[in-house]
1. Could you pull out the residue among 49, 44 that is open to solvent by 100 Å² or more (accessible area, probe 1.4 Å) and at pLDDT 90 or above?
2. Suppose we filter 117, 82, 133 for residues that are within 36 Å of the chain's Cα centre (by Cα) and at pLDDT below 80; which single one remains?
3. So how many residues does segment 23-41 have that are modelled with pLDDT under 75 and part of a helix (DSSP H, G or I)?
Amino acid sequence: MDIFQIFLFITFIIGVAVALFAAAPFSARKEDTGELSVKKREYDAVVADADATYEALSELSSDMIKQIDDKYKELLFVYNLIDEKKSDTAKSMSSAKNPAALQNRGGGSGSGFDKIITDDNIPAFKSPKYKEIKDLQAKGLSVAEIARALKIGKGEVQLILDLGRVR
């Protein structure tokens, strides 16, 4: 026999062995259908769990977006009040430089200072969180201690306290 024929014969034998070896698990799998159905049920349970978690996270993110939107609207309101106050202050300063305008104004309702910012006309200052923060500050707690006690960020506590000082 030639070396080439021996090589072909050995390759043929190896190919037949691999084919038989590969076909063996298929016949064994038919017998393992009970185990496969158990695995499938476990997989389905994990997928159902993941779907439920996804739904919960989706609902939580929707709530967070709504809260952020509400805070954004409150901030816009406060910024508008600040802009109005700046405008009113600028008008009163310019009229203060003109003595004739001061005499005509009379200091009544046209003075530009009739809009006084109070806790009643800023929605953020009506919230229970604002009142809690102010109460804790009155007790002498620091920003970090207030944030830790209310489980909110230090930046949020500081912002609320700073907004309260602007008034």
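1. Details: 44 fails: open to solvent by 100 Å² or more (accessible area, probe 1.4 Å).
So the residue among 49, 44 that is open to solvent by 100 Å² or more (accessible area, probe 1.4 Å) and at pLDDT 90 or above is 49.
2. Working: 82 fails: at pLDDT below 80; 133 fails: at pLDDT below 80.
None of the others qualify; the one that does is 117.
3. Just the residues of segment 23-41 that are modelled with pLDDT under 75, to begin with: 23-34.
Of the ones still in play, those that are also part of a helix (DSSP H, G or I) are 23-31, 33-34.
The qualifying residues number 11.
The values are calculated or read from the model by the stated rules, or taken from the named source; none is laboratory data. Predicted model, so just to flag it, every value in this text is computed and none were measured. SASA here: full protein model, heavy atoms, side chains in, ligands and nucleic acids out. Shrake-Rupley method; radii C 1.70, N 1.55, O 1.52, S 1.80 Å.
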